[in-house]
Amino acid sequence: MSGAVAEQIKIRDAVDVDLAAIVRIYNDAVATRMSTAQLDQVTVEERKNWIKDHSPNRHPFWVAEIDGEVAAWLTIKPFIPRCAYSGTVELSVYVDQRFRRRGLARMLLEEAIARADSLGITAMVGLIFAHNEPSLKLFGQLGFEKWGLLPRVALLDGVYRDLTIMGRHV
Ligand SMILES: CC(C)(COP(=O)(O)OP(=O)(O)OC[C@H]1O[C@@H](n2cnc3c(N)ncnc32)[C@H](O)[C@@H]1OP(=O)(O)O)[C@@H](O)C(=O)NCCC(=O)NCCS
């Protein structure tokens with residue numbers, strides 16, 4: 001042992017008091033133009049139903065806490081709201097910049113994969129910009145494969161960007 005104190009990491013359902021941290025983590029990523037097609041910063045007020053719009057037993061919203069602080073989050077949402085796609089979900093994962101490269105995103109995705117059966121999930125996708133290499137590597141490490149490429153579908157600061165669909169069956 002190096003003498004470092006082990007961090008306590010806990011994954012749990014998000015609750016409304018987590019929203020400020022969730023929004024802050026998201027806004028940091030919005031600004032990078034790497035992770036999301038959302039261009040403007042969001043507010044807690046705008047996103048007040050974000051957690052309520054998820055359901056713990058079907059499309060959960062989880063946070064990962066480190067020593068009681070929200071350090072990352074993951075959402076599972078319907079892929080396309082049509083009955084035939086009901087077993088397919090879209091995953092999004094965001095980690096506070098201060099807590100990256102500590103395995104938090106991997107842990108959250110592993111939890112989603114482990115609980116997929118009980119959540120009624122048969123296939124999972126991540127919709128990831130083709131220039132978001134950290135995310136593509138992350139999903140690739142968790143058994144996701146490239147299922148599609150939508151060329152030049154997002155305009156970010158005057159540059160057209162491709163969207164990669166990373167998917168895996170459960
Ligand atoms: C992508 C992101 C979620 C990774 O979170 P993280 O907790 O730092 O990732 P982990 O520590 O679990 O890393 C797991 C693997 O992902 C890959 N990875 C993560 N960050 C990386 C980076 N900066 N560069 C290259 N690979 C990276 C690596 O393969 C890594 O495995 P390794 O550490 O054994 O090399 C994080 O950078 C983030 O929040 N980015 C902004 C939001 C985003 O783009 N989300 C994806 C869209 S849904």
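Hey, if you put +1 on the Cβ of every Lys and Arg and -1 on every Asp and Glu Cβ in the chain, which of A64, V125, I76 ends up farthest toward the positive end of that dipole?
V125
If I take R0 = 30 Å and measure r between the Cβ atoms of V44 and Q8 in this structure, what FRET efficiency does the formula 1/(1 + (r/R0)^6) give, to the nearest 0.05? Before the final figure, lay out the partial values.
Working: r = 26 Å, r/R0 = 0.87.
Computed FRET efficiency for V44 and Q8: 0.70.
If you count only protein heavy atoms with a 1.4 Å probe, what accessible area per residue comes out for the chain, rounded to a whole Å²?
That works out to 56 Å² for each residue.
Under a crude label model (7 Å from the Cα following the beta-carbon direction), how far is D16 from M107 in nanometres?
2.8
Each label point is 7 Å from the Cα along the Cα-to-Cβ direction; what then is the distance between the points at H169 and A114, in nm?
That separation, rounded to one decimal, is 2.4 nm.
If I take every Cα pair under 8 Å that is 6 or more residues apart in the stretch 9-169, average their sequence separation and divide by the length, what percent do I get for the relative contact order?
Result for the stretch 9-169 is 19 percent.
Cα centroids of the stretch 84-129 and the stretch 152-170: how far apart, whole angstrom?
Result: 17 Å between the Cα centres.
Taking the Cα centre of the chain as origin and charging only Cβ (+1 Lys, Arg; -1 Asp, Glu), how large is the dipole, in debye to the nearest 20?
400
What percent does the relative contact order of the stretch 85-170 come to when contacts are Cα pairs within less than 8 Å and at least six residues apart?
31
How much mean residue ellipticity at 222 nm does the chain get from its helices, if each DSSP H run of length 4 or more adds -39500 (n - 2.57) and you divide by all residues, to the nearest 500 deg cm²/dmol?
-6500 deg cm²/dmol
Give the carbon-plus-sulfur fraction of the accessible surface of the stretch 9-169 in %, rounded to a whole number; probe 1.4 Å, heavy atoms of protein chains only.
Roughly 51 percent, rounded to a whole number.
The values are calculated or read from the model by the stated rules, or taken from the named source; none is laboratory data. Quick caveat: nothing in here was measured; it's all calculated off a predicted structure. Glycine also receives a Cβ, built like all others from the backbone with ideal geometry; neighbour counts cover every protein chain displayed. Side chains included, ligands, DNA and RNA excluded: accessible areas come from the protein's heavy atoms. Shrake-Rupley method; radii C 1.70, N 1.55, O 1.52, S 1.80 Å.
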